[in-house]
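All remarks here apply to the structure that follows.
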Amino acid sequence: MRGIISDNTKTKAGKDFYDLYYSEYMDKKINASQIISLVEEFSFARNTKISITLATEVIYEFMARPDEEYLSEMAKRSVYATYVYLKDLEKQSKSFIQY
């Protein structure tokens, strides 16, 4: 199974971000071989932190705000960071030579 994104958000802003991230991810036709997790954690006071992880590696994280424009921009940045991370993994797997 490829291209799965798990939703571990807790707030409306987190759910909105997940929807924006998922649509951006599908528009770019990214197909990760591992599960990508969007995790929302409670932070200082009433803030939450959203992290995008692949396996155990944190790809991108930021403090969430319930502003639609901000979440849209963070979704674009997060998808780009995901794309770059997956391309780096692909390069690494090709550069290993077995003897």
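Could you tell me which residue of the range 62-99 is farthest from Thr11 (Cα to Cα), considering only residues that are β-branched (Val, Ile, Thr) and open to solvent by less than 40 Å² (accessible area, probe 1.4 Å)? Checked the range 62-99; the qualifying residue farthest from Thr11 (Cα to Cα) is Thr82. Looking only at the range 1-27, which residues are exposed (fewer than 15 other Cβ atoms within 10 Å of the Cβ) and either of a type in the set (Asp, Glu) or in contact (Cβ under 8 Å) with a residue 60 or more places away in the chain (or both)? Listed by number, the residues that qualify are Asp19, Asp27. Could you list, in sequence order, all residues of the range 10-33 that are assigned to a loop (DSSP other than H, G, I, E, B) and within 12 Å of the chain's Cα centre (by Cα)? Selection gives Ile30, Ala32.
Exactly one residue out of Arg65, Arg46, Arg77 is within 24 Å of Leu89 (Cβ to Cβ) and of a type outside the set (Val, Ile, Thr): that is Arg77. Between Ile59, Ile30, Ile52, Ile36, the distinction of being closer than 20 Å to Glu90 by Cβ, out of contact with any strand residue (DSSP E or B) (no Cβ under 8 Å at 6 or more places or on another chain), surrounded by 15 or more Cβ atoms within 10 Å (Cβ to Cβ) and among the β-branched types (Val, Ile, Thr) belongs to Ile30 only.
The residue of the range 23-61 that is farthest from Lys10 (Cα to Cα), among those that are touching a Leu at 6+ places or on another chain (Cβ under 9 Å) and hydroxyl-bearing (Ser, Thr, Tyr), is Ser33.
The values are calculated or read from the model by the stated rules, or taken from the named source; none is laboratory data. Keep in mind that this is a model prediction, so the values were computed, not measured. Backbone-built Cβ (ideal geometry, glycine too); neighbour counts: all protein chains shown. The area values use the complete protein model at the heavy-atom level, side chains included, leaving out ligands, DNA and RNA. Shrake-Rupley method; radii C 1.70, N 1.55, O 1.52, S 1.80 Å.
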